[in-house]
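Report on one structure; see the data block that follows.
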Amino acid sequence: MTSSSRPAAPGSVPRRPSSSTVKPSAALAPSAGMLPVERADAFPGRWAGGVAMILGPTLMLCGALLRVRSDFFYPAQLTAYERHPGLMATSYALFAAGNLLLWPAVAVLAARIGARTPGWGLWGGVLTLSGLFARAFHAGADHMAFRLADAEGAAAATRTVSETYGAFQIFSALNLAVLAGWLVLALGAWRTRVFGPIRALALALMAALPLGVLKGTTPLSLVALTGLTAALLPTGVGLLREGPRPGRAAVLRWVPLSLIALALLVVLGQAG
């Protein structure tokens with residue numbers, strides 16, 4: 001009788017099978033539930049990441065184009081909002097939504113970089129995501145400034161923004177990350193050959209996108225966002241094509257459920 005067939009001693013803890021005895025297919029198999037879910041180390045997965053890489057840059061570029069005729073600084077932005085509230089509100093909403101959608105895109109890209117060089121993936125992802133959070137804070141300040149313009153007029157809103165613009169807020173510590181994160185991420189993508197030199201350079205152009213509250217669109221803004229789109233959109237399309245497509249039943253089940261969930265989130269959010 002071999003040692004592997006000996007009974008365990010009384011009170012002893014059974015030995016776990018070594019990693020070599022676990023079948024690779026078991027580690028890589030998707031969830032057996034209703035919704036196919038990729039393994040945890042692939043978070044947030046190619047579907048979320050691919051869709052985000054397509055929609056995020058596109059929405060930000062559209063938002064920037066809608067306010068391209070207004071002057072860059074906040075007095076002109078508030079004046080433009082008073083004259084064209086629907087246009088400016090849509091512009092800022094699209095830009096903010098695109099910024100929000102970038103986090104799964106950055107997470108997937110950082111994971112791919114980190115699979116080859118962990119340090120570049122870690123710091124590129126951490127810095128870039130921190131910059132996205134800072135821009136989300138700026139979007140909240142933009143929203144409040146527009147609400148003030150609705151209530152008191154553009155002149156009063158401009159005066160209030162002028163008096164409080166330099167007030168301390170914790171997210172100002174992330175201003176450097178807003179710019180440097182894209183440079184580190186792009187350099188990591190190039191060094192690990194996740195991106196070629198041209199697409200890595202296009203991604204690095206995002207470091208030139210102006211940051212802050214109530215910022216308009218400049219030619220440099222359009223260059224940065226065009227570079228982001230050129231870098232991420234082809235990658236997003238490639239991600240969606242990498243694996244098997246969902247079946248018709250899954251699409252018919254999850255598309256309506258996703259739309260209902262989104263509508264419910266909007267309704268509940270508006271209800272406070």
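The values are calculated or read from the model by the stated rules, or taken from the named source; none is laboratory data. These numbers were taken from a predicted model, which means no experiment stands behind them. Don't worry about glycine lacking a Cβ; one is built from the backbone with ideal geometry, like all the others, and counts go over all protein chains shown. The protein model used for the area step is the full one, side chains on, heavy atoms only, and it has no ligands, DNA or RNA in it. Shrake-Rupley method; radii C 1.70, N 1.55, O 1.52, S 1.80 Å.
Condition check: basic (Lys, Arg), under 22 Å from Val108 (Cα atoms) and not in a helix (DSSP H, G or I). Does Arg245 satisfy that? Yes, satisfied.
So if I check each of Leu176, Leu187, Leu201, Leu183, which one is free of Cβ contacts under 8 Å to residues at least 12 places away in the same chain and either closer than 19 Å to Gly131 by Cα or in a helix (DSSP H, G or I) (or both)? Leu176 is the lone residue from the list that is free of Cβ contacts under 8 Å to residues at least 12 places away in the same chain and either closer than 19 Å to Gly131 by Cα or in a helix (DSSP H, G or I) (or both). The residue list Ala141, Ala202 contains one member that is in contact with a helix residue (DSSP H, G or I) (Cβ under 8 Å, 6 or more places away or on another chain), open to solvent by less than 60 Å² (accessible area, probe 1.4 Å) and not β-branched (Val, Ile, Thr), which is Ala202.
Please find, within the range 69-88, the residue that is nearest to Ala155 (Cα to Cα) out of those that are open to solvent by 90 Å² or more (accessible area, probe 1.4 Å) and without any contact (Cβ under 8 Å) to a residue 24 or more places away in the chain. Taking the candidates together, the pick is Arg83.
Answer yes if at least one residue in the range 141-163 is among the polar types (S, T, N, Q), at negative phi and under 26 Å from the mean Cα position of the chain (by Cα), and no otherwise.
Looking through the range 141-163, none of the residues is among the polar types (S, T, N, Q), at negative phi and under 26 Å from the mean Cα position of the chain (by Cα).
Condition check for Ser70 on (1) modelled with pLDDT under 95; (2) part of a helix (DSSP H, G or I); (3) in contact with a helix residue (DSSP H, G or I) (Cβ under 7 Å, 6 or more places away or on another chain): one failure, at (2).
Conditions tested, residue by residue: (1) open to solvent by 80 Å² or more (accessible area, probe 1.4 Å); (2) of a type outside the set (Gly, Ala, Ser).
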| site | (1), (2) |
| --- | --- |
| Gly227 | no, no |
| Pro234 | no, yes |
| Leu239 | no, yes |
| Gly243 | no, no |
| Ala249 | no, no |
| Pro256 | no, yes |
| Leu259 | yes, yes |
| Val266 | yes, yes |
| Gly269 | no, no |
